[in-house]
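Data block below; observations after.
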Amino acid sequence: MSTPNAEAGMKDWTDKATRERLEKDVAAVKSDIAALTDQITDALNTFANSTGKQARRGYRQARENVDSAMDDMSERGSAMMEAAQDAYGSIEETLEEAITQRPLATVGLALGIGFLIGVAWRR
């Protein structure tokens, strides 16, 4: 049979050992959580840097594409303008030749077109 003091001493010693073990376990868990937090922070920073680089690369590529498209449109616009100027010059020369070769027919055609425009305007 054991004495009440011995049982209380044994219980205190067991409680003390359990408490120390729990404190060590809690400290280990805190250390693990801190290590995981550092790892997650490092992973997020790496991801953010990678994403930033990809975004800058995408922006640069989009800008280059827009610049290229604008250059193409500018060249096409210039070519169309030159073609229109050539066509205008050709039409002008043709009209001058027609007026020089057939002045009466040209005056008659101008009067006829003027008459048609006047009739259409009245309605």
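The values are calculated or read from the model by the stated rules, or taken from the named source; none is laboratory data. Not measured: the values here are computed from a predicted model. A quick note on method: Cβ atoms are made from the backbone with ideal geometry, for glycine too, and the neighbour counts reach across all protein chains shown. The area values use the complete protein model at the heavy-atom level, side chains included, leaving out ligands, DNA and RNA. Shrake-Rupley method; radii C 1.70, N 1.55, O 1.52, S 1.80 Å.
Per-residue Karplus couplings for the range 29-40, computed as 6.51 cos²θ - 1.76 cosθ + 1.60 with θ equal to phi - 60°, are listed in order as 5, 4, 5, 5, 5, 5, 5, 5, 4, 4, 5, 5 Hz, Gly and Pro entered as x. Phi-derived couplings, Karplus 6.51 cos²θ - 1.76 cosθ + 1.60 at θ = phi - 60°, listed residue by residue for the range 70-79: 5, 4, 4, 5, 5, 5, 5, x, 5, 5 Hz, with x used for Gly and Pro. A simple count of charges around Met70, restricted to other residues whose Cβ falls under 12 Å of its Cβ and scoring Lys, Arg +1 and Asp, Glu -1, yields -3.
For the options Gln54, Gln39, Gln101, a Gaussian network treatment of the chain with springs between C-alpha atoms closer than 10 Å singles out Gln101 as fluctuating the most. Translational diffusion coefficient, Stokes-Einstein: compute it for the chain using the Kirkwood radius over C-alpha pairs as Rh, at 20 °C and 1.002 mPa s, and state it as an integer in µm² s⁻¹. In µm²/s, the coefficient rounds to 85. Glu20 contributes an accessible area of around 90 Å² to the protein surface, as traced by a 1.4 Å probe with all chains present. For the residues Leu109, Leu36, Leu95, a GNM of the chain with alpha-carbon springs under 10 Å puts the largest fluctuation on Leu109. Annotation: the range 27-86 has a Kirkwood hydrodynamic radius of 15.9 angstrom, from the mean reciprocal C-alpha pair distance.
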